1. Out of everything in the stretch 46-92 that is of a type in the set (A, V, I, L, M) and more than 19 Å from the chain's Cα centre (by Cα), what residue ends up being nearest to residue 113 (Cα to Cα)?
2. Can you work out which of the residues in the stretch 138-197 that are in a strand (DSSP E or B) and of a type in the set (Lys, Arg) is farthest from residue 268 (Cα to Cα)?
3. What number goes with the only condition from (1) in a strand (DSSP E or B); (2) over 19 Å from the mean Cα position of the chain (by Cα); (3) aliphatic (A, V, I, L, M) that residue 247 does not pass?
4. Assess whether residue 244 counts as being on the phi < 0 side of the Ramachandran plot, of a type in the set (Val, Ile, Thr) and touching an Asp or Glu at 6+ places or on another chain (Cβ under 6 Å).
5. Failed condition for residue 175, given (1) out of contact with any Ser or Thr (no Cβ under 6 Å at 6 or more places or on another chain); (2) surrounded by fewer than 16 Cβ atoms within 10 Å (Cβ to Cβ), with all others met?
6. I'd like the full set of residues that are under 27 Å from residue 136 (Cα atoms) and either surrounded by 18 or more Cβ atoms within 10 Å (Cβ to Cβ) or in the same structural domain as residue 70 (by TED's automatic domain parsing) (or both), limited to the stretch 279-295.
7. For the stretch 355-375, does any single residue satisfy the condition of being more than 26 Å from the chain's Cα centre (by Cα) and of a type in the set (Gly, Ala, Ser)?
8. So which of 158, 163 is more than 27 Å from residue 44 (Cβ to Cβ), in contact with a Phe, Trp or Tyr (Cβ under 6 Å, 6 or more places away or on another chain) and surrounded by 15 or more Cβ atoms within 10 Å (Cβ to Cβ)?
Amino acid sequence: MPVEIVHPVPVDDVEPWLRQLGSALVDNTYDSAFPHRITRRRRAWDPERAWAVRDRGRIVGTFASYDRRLTVPGPGTTTHELPVDAVTGVSVAATHRRRGLLSAMIGDSLAAAKDRGDPLSALIAAEWPIYGRFGYAPATLQTRWNLDPRRTGVAAEVDRTRVRQVEPAEAGPIADAVFETARHRRAGQIDRPAPWWDRQVGLDGYDVVPGTEAYWFVHDGPDGVDGVVAWMAREHAELTGPGTVAVSQFIATSRAAERDLWGYLCGLDLVGDIELWGPVDDPARLLLDNGRALRAGEQIDFLWLRLLDVPAALAARAYAGDGDVVLDVHDRTVGGYAQGRVRLIASGGSVTCEPTDRAPDVRLDQRTLASMYLGGFRLRALATAQDVDELTPGTLDRLDVMFSTPLAPYTQTGF
């Protein structure tokens, strides 16, 4: 029996589909958490958005995508929102590499996304070298921050009385509303549609996956809850030394909430290290009496983008300055969806982007445009390593100004 691409994938195949994915990602599909993952995936399974590779009755490759909403730069410190094809669950068994199986699945998926009218496709790359050949490029970064609460405090105006603990089931609906407001403060944020929060806190018949249980706290602002923090114990405190904590959720919609939640974390007893992931330009150090107690650790790429409709994507975001620029975009990857010449005009808050026959001001690859799209990478820097031709002097600097954002893009939500 020949190797075959299966699409759609019936819900009865969820378990073997997940077992293949787990083995490819070096996960343990035999631990106590795996049955919970099967149940979760079955409940939200969309056969039309799933692909598999089957060989002699066994699934040896997986691929899926979701409908998601992505925040993109808006006027000033606001954001707009775009639909995005969110790719996930990608794997091919080591026994079946170099046969074009991933190319077949991702080619079908991108064609379907283009037909739906999605201007962008997105993914989180498990490995850097894989996805560039399909047109994806890194668009957001994030930093691992480590806080030693024994070395620091926060400014005197911190009000810890506004922070209170809640049970997980109570936290879910509250956190949902706070996050939906908070995510519009930065470009790069992916939405969390139902049942995202139900799965986190164990509502609507979902069980929390063992090992991910957390303590939940909320911040009461003048108009209601405006901040949420959740943390898990990584190492328990012993007589021989303090414990460690991992923060799984830190969400704030006001400066007071951000300040008070950091003050709460700094006040945790018997803790020697608090770890959380955040934006590369997180201002938290400026809130601390000793900013060096908050150390920036590993910085990694997170959200990768691939443009499917350049005019629609560029017209959907706002720009930091006016400009009239013709971009000649090359797309030599699967589908060639971004290939073409477009004229981008930003003037007085109005934006248009349409195909044109005018002479180009700059020639660049689609992946370069994808990296700079949210404002996370500057074109001048990208041009030092990628194929960028400035045909009209001054265009790179002008585009760097136009595409800049007041805050670094940040993607808080995996998928």
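The values are calculated or read from the model by the stated rules, or taken from the named source; none is laboratory data. Only a predicted model underlies this, so the values are computations on that prediction, with no experimental measurement involved. Ideal geometry is used to build each Cβ from the backbone, glycine not excepted, and the neighbour counts take in all protein chains shown.
1. 50
2. To start, the set of residues in the stretch 138-197 that are in a strand (DSSP E or B) comprises 138, 141-147, 154, 163-166, 190.
In the following step, the residues that additionally are of a type in the set (Lys, Arg) were identified as 144, 164.
Working: 144: 19, 164: 13 Å.
Here the residue is 144.
3. Unmet for residue 247, out of (1) in a strand (DSSP E or B); (2) over 19 Å from the mean Cα position of the chain (by Cα); (3) aliphatic (A, V, I, L, M): (2).
4. Details: on the phi < 0 side of the Ramachandran plot: yes; of a type in the set (Val, Ile, Thr): yes; touching an Asp or Glu at 6+ places or on another chain (Cβ under 6 Å): yes.
Taking the combined requirement at face value, the residue satisfies it.
5. (2)
6. Filtering the stretch 279-295 down to residues under 27 Å from residue 136 (Cα atoms) leaves 279-282.
Scanning the stretch 279-295 gives 279, 282.
7. Yes, the stretch 355-375 contains a residue that is more than 26 Å from the chain's Cα centre (by Cα) and of a type in the set (Gly, Ala, Ser).
8. Details: 158 fails: in contact with a Phe, Trp or Tyr (Cβ under 6 Å, 6 or more places away or on another chain).
One residue alone meets the criteria, 163.
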